[in-house]
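Colleague: Okay, here's the structure, questions in a sec.
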Amino acid sequence: MITKIMRKSAWEVAKVKREIIEDSLTKEGFIHCSFLEQSLEVAEKHFSTDIELVVLVINPEFVHAEIKYELASNGQNYPHIYGAVNADAIVKVVELQKENGVYVLPVDLEQKK
C-alpha cells in the first residue's frame, strides 16, 4: 500500500470529483505519494502548519495511472503516480492527528513491529 497526505478540504473536493488531481501533476507530471513509514515525515515537512489532514491509503493494484518508484534527494524511494488517482483505489481514509505538536499515525494505521 502507498499513502497520500492531503488537506481534509482537498479530500472533500476529490471525493466529489472521484479523483485526485493536484498542481504537481501539471507542474511535475506526477502526484507525490509515500509509503506508510514515510508519511509522518512528509506531513511534518510539507504540512507542518495545517490542522486538518487525512492519510489516504491507496492500493496500487487499483490505480489506473502509471506508478513509478523513484529516488528522491533524501536517498529514499517514493511512489509517484503519473496521472489522476482514481477514488476507487483509495481503500482507507484516516484523519491525521497531532500529539504534543507532532503528527502521529492513527492506531489503525500503525505498523506492526
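No lab work stands behind these numbers, since they all come straight from the coordinates. Since the model is a prediction, treat every value here as computed from it, not as a measurement. Because the Cβ atoms are built from the backbone with ideal geometry, glycine has one as well, and the counts that use them run over all protein chains shown.
Colleague: For region 75-104, which residues satisfy the criterion of being among the small types (Gly, Ala, Ser) and over 15 Å from the mean Cα position of the chain (by Cα)? Give the steps one after another, and end with the answer.
Modeller: Narrowing region 75-104 to residues among the small types (Gly, Ala, Ser): 75, 83-84, 87, 89, 101.
Answer for region 75-104, where residues must be among the small types (Gly, Ala, Ser) and over 15 Å from the mean Cα position of the chain (by Cα): Gly75, Gly101.
Colleague: Within region 1-22, how many residues turn out to be more than 12 Å from the chain's Cα centre (by Cα) and basic (Lys, Arg)?
Modeller: Residues flagged as more than 12 Å from the chain's Cα centre (by Cα) and basic (Lys, Arg) within region 1-22 amount to 3.
Colleague: Return the pairs, sorted by first residue and then second, in which the second residue is part of a strand (DSSP E or B) and of a type in the set (Phe, Trp, Tyr), the first residue lies in region 55-81 and is more than 14 Å from Ile5 (Cβ to Cβ), the beta carbons are less than 7 Å apart, and the residues are 6+ apart or on different chains.
Modeller: Here the result reads Ala65/Tyr82; Glu66/Tyr82; Lys68/Tyr82; Glu70/Tyr78; Ala72/Tyr78; Asn77/Tyr69, each pair linking region 55-81 to a residue that is part of a strand (DSSP E or B) and of a type in the set (Phe, Trp, Tyr).
Colleague: Quick check on Glu37: is it in contact (Cβ under 8 Å) with a residue 60 or more places away in the chain, out of contact with any Lys or Arg (no Cβ under 7 Å at 6 or more places or on another chain) and farther than 25 Å from Val16 by Cα?
Modeller: yes
Colleague: Give me the residue from region 1-43 that is surrounded by fewer than 20 Cβ atoms within 10 Å (Cβ to Cβ) and among the β-branched types (Val, Ile, Thr) and, out of that set, nearest to Leu71 (Cα to Cα).
Modeller: Looking at the filtered set, the residue picked out is Val42.
Colleague: I would also like to ask the following. Take Tyr103 and decide whether it is closer than 25 Å to Ile21 by Cβ, in contact (Cβ under 8 Å) with a residue 60 or more places away in the chain, part of a strand (DSSP E or B) and hydroxyl-bearing (Ser, Thr, Tyr). First the steps, then the outcome.
Modeller: Working: closer than 25 Å to Ile21 by Cβ: yes; in contact (Cβ under 8 Å) with a residue 60 or more places away in the chain: yes; part of a strand (DSSP E or B): yes; hydroxyl-bearing (Ser, Thr, Tyr): yes.
Yes.
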